[in-house]
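Encoded as structure tokens, the structure appears first; notes follow it.
The values are calculated or read from the model by the stated rules, or taken from the named source; none is laboratory data. All values reported here derive from a predicted model rather than from experimental measurement. Cβ placement follows ideal geometry from the backbone for every residue including glycine, while neighbour counts extend to all protein chains displayed. We work out accessible area using only protein heavy atoms, side chains counted, and drop any ligands, DNA or RNA first. Shrake-Rupley method; radii C 1.70, N 1.55, O 1.52, S 1.80 Å.
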Amino acid sequence: MVMEGLGKSLRDVLGRIGKASVVDEELVKDLCKDLQRALLEADVNVKLVLDVTNRVKDRAMNEPPEAGRSMKDHVTKIIYEELVRLVNNGEGLALKPQTIMMVGLYGQGKTTTTGKLALYFSKKGFSVGLIGADVYRPAALDQLKQLGEKVGVDVYGEPGESDAPGIVKRGMESFKNKQIIIIDTSGRHALEDDLIEEIRQIAQVAQPDERILVLDSQVGQQAGPQAEAFHNAVGVTGVILTKMDGTSKGGGAISAIQKTNARIVFLGVGEHIRDLEPFDAKRFISRLLGMGDLSALIQLASEEVDDQDKMAEVAQHMMTGRFTLNDMYYQMSAMGKMGTLEKIMSLIPGMSSMGDKVDYEATQKRLGVFKVIMDSMTPEEKEDPSLIKAKRIERIADGAGVSHHDVRELLKQYTNSKKMMSAVGKDRKMRKQFLKQMGGVDLDSLKDLQGSE
Ligand SMILES: Nc1nc2c(ncn2[C@@H]2O[C@H](COP(=O)(O)OP(=O)(O)OP(=O)(O)O)[C@@H](O)[C@H]2O)c(=O)[nH]1
Ligand SMILES: [Mg+2]
């Protein structure tokens with residue numbers, strides 16, 4: 001409860017800025033009080049809470065807003081940035097040979113994540129070995145073996161053996177030529193002494209470089225005590241939050257990293273072995289704050305995109321099938337700035353097929369190419385891309401310094417998006433859902449649409 005509570009109370013703080021008639025010292029002080037309450041309720045350490053609010057106060061009062069940015073947007077941005085600092089607790093997992101031990105309670109996602117990490121490291125060119133030290137659940141070793149097979153890495157296990165530290169000892173020996181060794185351990189329904197003792201012994205045998213706490217993002221206020229117990233046992237060095245593809249926004253992680261002083265290294269975003277995302281503090285806070293909500297995005301984005309009317313217009317175009325390349329461009333540049341690529345993908349139907357979930361960097365690059373191409377188009381072409389035939393494609397490609405293929409791909413993407421958008425516009429249920437997603441858009445401006453059932 002606390003964790004989704006955290007997202008909500010933080011959103012409420014930001015909401016107060018929007019409603020305020022003036023942004024003055026008094027408002028900033030009030031906001032900081034609310035911010036303190038929200039963070040303390042989420043178990044964030046008092047000193048860190050004060051650090052955050054002191055910095056917010058100091059920056060809000062002393063840093064001039066960037067040109068063209070209102071005071072409201074300025075303060076919003078400062079709060080956002082300070083929250084990002086709060087969860088930005090260090091680098092991801094090093095790309096070097098190492099031993100990694102997974103710990104966590106029952107069903108949090110340890111075994112699945114072990115498989116995901118195996119894929120991650122073997123894709124980076126490392127030789128990987130997995131050790132199945134879960135002697136508690138009978139099917140655990142089979143599950144790990146299946147994952148190992150999928151990824152193409154070796155798995156060490158001893159069916160029927162109940163001495164977990166012994167298994168690990170022999171497993172380490174048999175994998176002494178592997179660069180990366182990942183140890184999957186067992187879980188329990190609740191923290192129990194025998195589990196803690198077992199993982200303590202395993203850690204002693206394996207001397208792992210990383211002790212990774214796997215935490216289901218739904219755990220809420222239990223995150224703090226769980227993290228603390230595991231930390232006391234083995235010294236947690238990193239946290240992986242799983243099931244971030246669900247409704248949870250992962251606020252509990254803040255208390256987990258407070259208790260362990262570890263950093264979040266990855267997010268699990270699905271059941272598939274590829275569904276692992278390097279942790280990105282900005283994206284995480286955006287998600288926690290529900291910034292897919294466009295009104296919040298608009299508030300935070302820079303001067304070019306703080307125009308709600310424009311957003312409403314784009315939404316209307318999208319829904320009526322009059323979605324132009326200009327609209328697509330606008331959306332990309334507005335949201336690309338926020339780095340919430342994922343959200344762009346989910347807001348522009350058809351786009352979600354664009355990128356491999358893991359490869360955000362490549363997708364971001366591709367968006368960059370799209371932008372360059374659009375910059376080489378005339379305004380008429382962007383309004384009516386059907387004008388763009390072979391000859392124009394040639395000119396645009398030359399102008400943008402890309403191949404014809406890139407231009408055609410952009411046009412194809414646009415056509416797909418448009419097709420799917422007009423399908424959304426025609427379907428009442430989907431339309432409702434979409435409008436909901438568009439959160440801050442002035443619904444009055446879309447009234448005629450809604451009335452036309
Ligand atoms: N949607 C979703 N499901 C996940 C994710 N990670 C794990 N799961 C699912 O969560 C369930 C439990 O995952 P396991 O990997 O078996 O969890 P565990 O911690 O090893 O569990 P025990 O070994 O029983 O302690 C499985 O059904 C997984 O498919 C994730 O990121 N997203
Ligand atoms: Mg398991």
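For this structure, a couple of remarks:
- Test: Arg59 is open to solvent by 70 Å² or more (accessible area, probe 1.4 Å), assigned to a helix (DSSP H, G or I), more than 25 Å from Glu197 (Cα to Cα) and away from ligand 2 (no atom under 12 Å from the Cβ): no
- Ala164 passes every criterion in (1) within 24 Å of Asn261 (Cβ to Cβ); (2) open to solvent by less than 70 Å² (accessible area, probe 1.4 Å) apart from (1).
- Tally, over segment 245-275, of residues that are open to solvent by less than 10 Å² (accessible area, probe 1.4 Å) and of a type outside the set (Val, Ile, Thr): 11
- Among residues of segment 260-282 that are more than 14 Å from ligand 1 (Cβ to nearest atom) and acidic (Asp, Glu), those with a Cβ under 9 angstrom from a residue that is part of a strand (DSSP E or B) and at pLDDT 90 or above, sequence gap 6+ or separate chain, pair up as Asp280/Leu267.
- Evaluation of Ala139 against (1) among the hydrophobic types (A, V, I, L, M, F, W, C); (2) touching a residue at least 12 places away in the same chain (Cβ under 8 Å); (3) farther than 18 Å from Glu210 by Cβ (one fails), failing number: (2)
- Residue match in segment 58-76 (condition: modelled with pLDDT under 90, of a type in the set (Lys, Arg) and over 25 Å from the mean Cα position of the chain (by Cα)): yes
- Residues of segment 163-189 that are out of contact with any Gly (no Cβ under 9 Å at 6 or more places or on another chain) and within 16 Å of ligand 2 (Cβ to nearest atom): Ala164, Val168, Ser186, Arg188.
- Test: residue in segment 237-252 that is of a type outside the set (Asp, Glu), within 15 Å of the chain's Cα centre (by Cα) and in a helix (DSSP H, G or I): yes
- Some residue of segment 256-272 being over 30 Å from Leu14 (Cβ atoms) and either modelled with pLDDT of 90 or more or in a loop (DSSP other than H, G, I, E, B) (or both): yes
- Residues in segment 207-223 that are crowded, with 23+ Cβ neighbours inside 10 Å and outside any strand (DSSP E or B) were compared, and the one that is farthest from ligand 1 (Cβ to nearest atom) is Pro208.
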